[in-house]
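Here's the structure we're looking at; comments come further down.
Each reported figure results from applying straightforward, stated rules to the coordinates on display, with no laboratory input. Just so it is clear, the structure is predicted and the values come from calculations on it, not from any experiment. When we count neighbours, we look across all protein chains shown, and the Cβ atoms used for this are built from the backbone with ideal geometry, even at glycine.
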């Protein structure tokens, strides 16, 4: 059982005791009458061939309170798209599949690009963004929930707890991030444990108290891919198209809303999904690529908020981070020992060394190009530039799903 | 035996001679067709390049032409559509010119009818394009004016205006193309007239009290005696 301590500047909704799923779902069914809920699932076709997606579909067949499910399918041929339609047809809620590689959606992307509104390369960010656009175009939902499609330990409790804070008319939240413990027989979630938290705290040491760093440090699992939000937020938030997606999205939430309207919720006792290789020698793939993108996103967000970065500051940051990460590592080692978890200290230390290199690479990239890759524009801007874009998107998805 | 052979060979010879006469015409048609298709392809290429250069696709996106195409489940670039339309018009014109080269009386009549009909097709296309722009402009103006007036049914009214104007423009296009002119005119008159009468009745009946109040107020103001002038003039 979790403790009830409130940390940071956002609200934490813990799992206290054994809350009944039936009660949650029954309340959600009531809320959904006035605040209909859309579930967005960014998925690759390969996830339908593994154990995760069949399990998720099986659980979703039991969910009654959803208004619509929008599956953004990537890397799928026409034949695979049709197969996925068959698999998803067992879900009782209305399901629409955004076929990212399809002719019509490709033309929507082409229309955006020629108007200077680049949706970025293929990936979760672009898929999620287009799905929000489709939900907005339909105008039938007030709440959007999103979770990854590689969760092996998925249960519908996760979805119910994720939707509840935003769907409830008495809780005044616009954004809710999920959190969970990434523990099996060992501690996972290396990027959060050994990169993000020590980096944020090192930056706080160097720059002093900063709103965004305090905000970011308030999240128990800032890189969790599970969140829910109001459709109003989906309309005004911009999204990064790289691995900086989670941190960049939080930066946009911080920019547009008060922390009082943001919360995090405990959505699962255990959470297991596919793991990335560290790839310490190659910064173009694996966790290293993720680490570099996340660092760049944090540096750019801080710079846009007036923090001045220089080479000397980055040199200090590397040393400060290393000390912070080593201290953190010791804390986790103790935590692992008391809980009888496997803890490979050497591997963890190697990860810290790799992340130190990632910070240096991100710093170099930032100094060379402080602007970086622009975020995917928000839907308000897109609809101002192309007035018929929502009709176009709705038509493309609806025709693909006929 | 020779007579019998002649009986068979003479018609064949006649057919051969006729074919010999017809062959240059056929070759001329094929050459016209080939050159026409090549020319059409070249013109399409140049036109599409030109449309790209003037950013026609972006303009279409902003003006709503692209959205209109997508509504019709047409998922190519607007410039490619224009290029395709021009290409096929040129191919059809070439085909007609080629058929004319055959010198067959029946085909000549058909070709003449086709060329006589072409101006109507062009004017119908212009009416449709200008009409669509005009409709979008009016609909947008209504939306802005009514929304600024604080009425919550602004979008509904703007859409209604768009549908009505598009109906009128489509009727004009059909009339121009001379497709079932009588039926189109009658259908349009009945539909448009019906809508206008319905609106007139709705506003008329709904506004009786308001109209009475305005008229009564007007008369009351005219009949009311003027108050005495209390101001002392110097």
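Of note:
- Legend: calculated FRET efficiency, residue B:41 to residue B:118, from the Cβ-Cβ distance at R0 = 22 Å, rounded to 0.05, equals 0.55.
- Considering only A:257, A:221, A:134, the mean-square fluctuation computed in a Gaussian network model of chain A, springs between alpha carbons under 10 angstrom, is largest for A:257.
- Across region A:160-255, Cα pairs under 8 Å and at least six residues apart give a relative contact order of 33 percent.
- Gyration tensor over the Cα atoms of region A:232-367: the corresponding equivalent ellipsoid has semi-axes (square roots of 5 times the eigenvalues, largest first) of 27, 22, 15 Å.
- Acute angle (nearest 10 degrees) that the helix A:124-138 long axis makes with the longest principal axis of chain A, alpha-carbon atoms: 40
- Classified by the C-alpha gyration tensor, region A:185-264 has an oblate form. Its axis ratio a/c, with a ≥ b ≥ c, is 1.5 or above, and a/b does not exceed b/c.
- Against chain A, whose longest principal axis comes from its Cα atoms, helix A:311-338 is set at around 80 degrees.
- Label zone of residue A:349 (point 7 Å out along Cα→Cβ, amide N under 19 Å): in region A:310-340 this covers A:319-337.
- Helix A:245-256 and the longest principal axis of the Cα set of chain A meet at an angle near 80°.
- Calculated diffusion of chain B, Stokes-Einstein form, Kirkwood radius summed over Cα pairs, 20 °C and 1.002 mPa s, µm²/s: 87
- Calculated mean residue ellipticity, 222 nm, chain A: -16000 deg cm²/dmol, from DSSP H runs (n ≥ 4) at -39500 (n - 2.57) each, averaged per residue and rounded to 500.
- Label-zone membership for region A:1-43, site residue A:269, 7 angstrom Cα→C-beta point, backbone N under 11 Å: A:1-2, A:17-19
- For chain B, built as a Gaussian network whose Cα springs stay under 10 Å, the top-fluctuating residue of B:116, B:25, B:148: B:148
- Calculated P(r) tail over 15 Å for region A:167-225, as whole % of Cα pairs: 59
- For chain A, the relative contact order is 23 percent, taking Cα pairs closer than 8 Å that sit 6 or more residues apart in sequence and dividing their mean separation by the residue count.
- Contact order normalised by residue count of region B:1-103, Cα under 8 Å, 6+ apart, percent: 45
- Sorted largest first, the spans of the alpha carbon positions of region B:1-103 along the three principal axes are 81, 26, 16 Å.
- In this label model, residue A:118 and residue A:16 are separated by 4.9 nm, measuring between points 7 Å along each Cα→Cβ vector.
- Cα pair distances exceeding 14 angstrom across region A:62-119, given as percent: 60
- Estimated FRET transfer efficiency (residue B:163, residue A:26; beta-carbon r; R0 35 Å; 0.05): 0.20
- Label zone at residue A:304 (point 7 Å along Cα-to-Cβ), backbone N below 13 Å, region A:112-129: none
- Measuring r between the beta carbons of residue B:31 and residue B:104 and using R0 = 25 Å, the FRET efficiency lands at 0.90.
- Rg followed by Dmax, in Å, when the protein assembly as shown is reduced to its Cα trace: 34.6, 138
- Rounded to the nearest 5, the antiparallel percentage of DSSP beta bridges internal to the protein assembly as shown is 25%.
- Orientation-averaged projected area, Cα convex hull of region A:289-402 (nm²): 12.3
- Most mobile of B:23, B:43, B:12 in a GNM of chain B (Cα contacts under 10 Å): B:12
- Rh by Kirkwood over Cα pairs, then Stokes-Einstein D for region B:119-191 at 1.306 mPa s and 10 °C, µm²/s: 120
- Shape call, region A:265-310: gyration tensor on alpha carbons, a/c limit 1.5: oblate
- Global form of region B:51-94, assessed from the alpha-carbon gyration tensor, a/c cut-off 1.5: oblate
- Over all projection directions, the Cα-based convex hull of region A:106-159 averages an area of 5.1 nm².
- With Cα atoms defining each centre, region B:8-71 and region A:28-74 are spaced 51 Å apart in the structure.
- For the pair residue A:186 and residue B:222, label points projected 7 Å from Cα toward Cβ lie 9.8 nm apart.
- Scattering profile of region A:134-178 at q = 0.14, 0.27, 0.30 Å⁻¹ [log10 I(q)/I(0), Debye over alpha-carbon scatterers]: -0.40, -1.05, -1.12
- Eigen-decomposition of the gyration tensor built on the alpha-carbon atoms of region A:18-161 gives equivalent ellipsoid semi-axes of 27, 18, 12 angstrom, largest listed first.
- The Cα atoms of region A:1-41 cover 33, 24, 22 Å along the three principal axes, with the biggest extent listed first.
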